[in-house]
Amino acid sequence: MSSDRHARIKDIFNAALALSGDERVRFLDSQCRDDAELRVEVDSLLDHDQAATFLVSDESTPEADDGVPSGSRFKAGDGFAAGRYRIVALLGRGGMGEVYRADATTLDVTVALKLVLGESGASVSALLNEVRLARAVTHPSICRVYDVGEAEGRHFITMEYIAGENLARLLNQVGRMTPDRVRDLGAKLCEGLAAAHAEGILHRDLKPSNVMIDSDGRVVLTDFGVAATRESAGMTIVGSPAYMAP
């Protein structure tokens, strides 16, 4: 990565930290435009900053009376995509969007609904990339993707809803794990990665917040937004800096 490119990423990241919500999305859209790799790099830094803030903070996100954090685009009970989905709760926010727990009304199943904030070419490209690559891998340790579409002026995907905690939150709650527990989680995670690698797909953003553990102990790798095939990965540095290999 050139020094000019690195400086530009740093400048956009620092400016975006001072913004939030739609204002941040509009700023990123204007700065990154159709440069998908630039948007991914900045979003990855913002997501890492948000995760780090969560881990060191004892304060939860302010919630409205309906149990959904204030500032969310939807509230519990809202319909989406002509009533195909009913919002239950906000699961998390990232640099490119929000993820909600939702009921798929026609299928009578609970899903995770990822909604893109902003409609730049970069953000939509990252969403479609996530769908294309995640659906290429079938394995119990890879989160299943169900649907992709556009509704109410927003692009979205629906994924398997995993009732559990991500590894970052779990570590924050329980602290250091026993060696046996670490070996068990690591082995299951490696099985999922091996399945992706067998299809020629590199995740490129492996970190605790992208690993879910359900109530039965199943380990699931999520978020293929910056994944790439071996052929397309190139030399671009992508991922969360604190979790990259040296």
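Listed by first and then second residue, the pairs linking a residue in the range 19-33 that is in contact (Cβ under 8 Å) with a residue 40 or more places away in the chain to a residue that is part of a helix (DSSP H, G or I) and among the hydroxyl-bearing types (Ser, Thr, Tyr), with Cβ atoms under 9 Å apart and 6 or more places separating them unless they lie on different chains, are 25/123; 28/123; 29/123; 32/123. Would a scan of the range 91-104 turn up a residue that is among the hydroxyl-bearing types (Ser, Thr, Tyr), at pLDDT below 90 and either more than 15 Å from residue 210 (Cβ to Cβ) or not in a loop (DSSP other than H, G, I, E, B) (or both)? No, there is no match, as no residue in the range 91-104 is among the hydroxyl-bearing types (Ser, Thr, Tyr), at pLDDT below 90 and either more than 15 Å from residue 210 (Cβ to Cβ) or not in a loop (DSSP other than H, G, I, E, B) (or both). When the range 120-162 is limited to residues that are in contact with a helix residue (DSSP H, G or I) (Cβ under 9 Å, 6 or more places away or on another chain) and hydroxyl-bearing (Ser, Thr, Tyr), the one that is surrounded by the fewest Cβ atoms within 10 Å (Cβ to Cβ) turns out to be 138. For the range 193-200, the condition holds for at least one residue, the condition being that it is in contact with a Lys or Arg (Cβ under 8 Å, 6 or more places away or on another chain) and within 17 Å of residue 131 (Cα to Cα).
For the range 1-25, the tally of residues that are within 16 Å of residue 93 (Cβ to Cβ) and of a type outside the set (A, V, I, L, M, F, W, C) stands at 5. Number of residues in the range 169-191 that are in contact with a strand residue (DSSP E or B) (Cβ under 8 Å, 6 or more places away or on another chain) and either surrounded by fewer than 17 Cβ atoms within 10 Å (Cβ to Cβ) or not hydrophobic (A, V, I, L, M, F, W, C) (or both) equals 2. The lone criterion from (1) part of a helix (DSSP H, G or I); (2) assigned by TED's automatic domain parsing to the domain that holds residue 207 left unmet by residue 127 is number (2).
Residues that are in contact with an Asp or Glu (Cβ under 7 Å, 6 or more places away or on another chain) and either without any contact (Cβ under 8 Å) to a residue 40 or more places away in the chain or of a type in the set (A, V, I, L, M, F, W, C) (or both) within the range 136-145 comprise 136, 137, 143, 144, listed in sequence order. The set of residues in the range 199-246 that are more than 26 Å from residue 124 (Cβ to Cβ), touching a residue at least 24 places away in the same chain (Cβ under 8 Å), of a type outside the set (Asp, Glu) and surrounded by fewer than 18 Cβ atoms within 10 Å (Cβ to Cβ) comprises 208, 215, 217, 218, 242.
The values are calculated or read from the model by the stated rules, or taken from the named source; none is laboratory data. Since the model is a prediction, treat every value here as computed from it, not as a measurement. Positions of Cβ are backbone-derived with ideal geometry, glycine not excepted, and every protein chain shown enters the neighbour counts.
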